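The values are calculated or read from the model by the stated rules, or taken from the named source; none is laboratory data. If you're wondering where the values come from, they're calculated on a predicted model, not measured in any experiment. Cβ atoms come from the backbone with ideal geometry, glycine included; neighbour counts cover every protein chain shown. Calculation scope for accessible area: heavy atoms of the full protein, side chains included, ligands and nucleic acids excluded. Shrake-Rupley method; radii C 1.70, N 1.55, O 1.52, S 1.80 Å.
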Amino acid sequence: MQRSFDELGTPLHEVTFCVLDLETTGGSPRNDTITEVGAVKVRGGECLGTFQTLVNPGVPIPPMITVLAGITEAMVLPAPRIEEVLPALAEFVGGSVLVGHNVRFDWSFLDASLVAHDWPRLGLRRVDTAGLARRLVRDEVPDCQLGTLARHFRLSHQPSHRALEDALATVDLLHLLLERAAAFGVTALDDLLVLPRLARHPQAAKLRLTDRLSRGPGVYIFRDGQGRALYVGMATDLRSRVRSYFGSDDRRKIGPMLREAQAIDHLPCSSSLEAGVVEARLIHELAPRYNRRGKTWRTYRYVKLTRKRFPRLAVVQAPRADGAHYLGPVSSTQTARLVVEAIESVVPLRRCPASPARVGTRDGPCAPAQLGVATCPCSGQIDESDYGALVDRVKTGWGDRPQDLLEPLAVRMQTLAEAERFEDATSVRERARALAGALRRQRRFDALRHAGRMLLDLPGGGGAELARGRLVRVWGMSPEGRPGEPVVPHTGQLRLDLVELPPEEGPLPRGLADELNYVGTWLDRYAARVNLVHVDGAFTSPLPALPTFAPENVRPRS
């Protein structure tokens, strides 16, 4: 079960731990059984109760186990069977956090017993004191066995291979390790759960930079010694997300950034909607060196349908106020070219760059026209009226009839796949996918702009105001839980009250594409949980859904 951020962020002194230890007839949960159960429940350093019982395994106890633990067959013969113990043990454990030394061993036996007797598995979070010890005190001891640690640190209880004594020794060890963990800023449950991955990180000393981070949504900024932004990101739980960088195994990507980082700023936000918008704006403004996504907006391109006598398609860097039709912005020149190729493979627009004013002056059709993939008005091959029908097909394909462009591509892709020409089918799919993606983005941009002013009640309380797709106001809940008054947070840094609104019609400026795309994606994701309070225009679409052209769609029919 997925735990809430509030639950995972519980201070450690409020967490109830259940320390468990089992004695068994061997090391395999498939072939061996439990002979003794010991458990201790603690919270805030106080013992809340103990649980101890021998268990009749129903099989002979190996002599080695008798020598090791001192448990004989005579001792377990009158004891209850495990199916009699499980109900009481499950009730004792409850919803606590399970703790053990090499907890996976005890967990596997308990899990196998529950399944074997038709009990549901315990969906508990687990803390392994052996893993914590390896991260926190490994340099001080020859090994991290429970007996070694108990002797070295002179714990009050010494393990004896009996369940309850071993559980009590593990309780002592847990409390000692929690004290050591405080040096790494471990103050809450989520910190403790990820600590085994963090404490040995090369930059673990910088975990102190995360101490001030909140556990709510917001934006974080890694900065170098000169205060320059290295990386900007957003998270629904700031503290958990930033600390996760110190547990990543991918040193190639984040290692250099963490080595340079000397400070971590954060901007708490009222919702993930605000956090995503703020992230997009700050990446545009600060251009952090280690960000990739969000910095490439200057390379976004448009597909242009020119407005000359015989229009053609072109990839352009920026739109003009020339009355031409534009699709985009799309993510790159390569994507724009794929879109052009997709459309030209369905609608044979002219491809030759010659001026339409020279109609009829060529000796013959251009090369694409000779290959039968384009028309050539320059040679008088088609008149202006017939060519206008081709142009209209492109315009409607960009608008309310996308199927006119996409369905021929889907048919072509399927035909090639059935002919086992898979490379050609893949090329068609990539073009179709680029076109469908560009049309989907265009719909999203247009829907937000045409909606005008929108007021939203957000999941979890609070609200937001959008104007043509841009976030202009956000507000949270009052301390009493009632909707607070609309406010403009972080004034002067996020400038939610001074945003430039996109035009209602015409091409969207490429510098606004990331923000509107995030807002549209966010609204799609949370559609069932967002209440639309007011909208100036309309925020619905009668247009048919667009296919994704995912790779699995390229299959021969059976």
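Overview of values
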quantity: Sequence of 290, 245 from largest to smallest accessible area, 1.4 Å probe; calculated: 290, 245
quantity: Sorted peptide list for 44-54, 330-340, 538-548, criterion being average Cβ within 10 angstrom, highest first; calculated: 330-340, 44-54, 538-548
quantity: Span from the segment 270-316 Cα centroid across to the segment 163-185 one, whole angstrom; calculated: 51
quantity: Overall form of segment 54-150 per C-alpha gyration tensor (a/c, 1.5; a/b vs b/c); calculated: oblate
quantity: J(HN,Hα) series, segment 335-352, from Karplus relation 6.51 cos²θ - 1.76 cosθ + 1.60, nearest Hz, glycine and proline x; calculated: 5, 4, 5, 4, 4, 4, 4, 4, 5, 5, 6, 9, 10, x, 5, 5, 10, 6
quantity: Under-5 Å amide H pairs with residue 332, H placed in peptide plane, nonlocal only; calculated: 301
quantity: Positive-end residue of 51, 288, 184, charge dipole of the chain with Cβ unit charges; calculated: 288
quantity: Cut-off 11 Å between beta-carbons: net charge of the residues surrounding residue 395, Lys and Arg +1, Asp and Glu -1; calculated: -1
quantity: Peptides ranked, highest mean first, by Cβ atoms within 10 Å: ranges 307-314, 33-40, 138-145; calculated: 33-40, 307-314, 138-145
quantity: Antiparallel DSSP beta bridges within segment 1-139, percent to nearest 5; calculated: 70
quantity: Computed [θ] at 222 nm, helices only, for the chain once each DSSP H run of length n ≥ 4 contributes -39500 (n - 2.57); calculated: -11500 deg cm²/dmol
quantity: Full-stretch length increase - residue 208, residue 455 - with 0.36 nm per residue and alpha-carbon distance subtracted; calculated: 85.0 nm
quantity: At R0 = 45 Å, FRET efficiency that the Cβ-Cβ distance of residue 117 and residue 182 yields, to 0.05; calculated: 0.65
quantity: Percent of Cα-Cα distances greater than 19 Å, calculated over segment 264-325; calculated: 54
quantity: Anisotropy class of segment 65-222 from Cα gyration tensor, a/c 1.5 cut; calculated: oblate
quantity: By average C-beta atoms within 10 angstrom, highest first, the peptides 279-287, 454-462; calculated: 279-287, 454-462
quantity: Under-5 Å amide H pairs with residue 26, H placed in peptide plane, nonlocal only; calculated: 33
quantity: Stretch gain in nm, segment residue 411-residue 81, where the contour uses 0.36 nm per residue and the Cα spacing is subtracted; calculated: 112.3 nm
quantity: Shape metrics for the chain, restricted to C-alpha atoms - Rg then Dmax, Å; calculated: 32.5, 109
quantity: Cα pair count fraction exceeding 17 Å, expressed as % - segment 388-475; calculated: 64
quantity: Beta bridge orientation in the chain: antiparallel %, DSSP, nearest 5; calculated: 90
quantity: Three-way shape label, segment 77-117, alpha-carbon gyration tensor, a/c 1.5; calculated: prolate
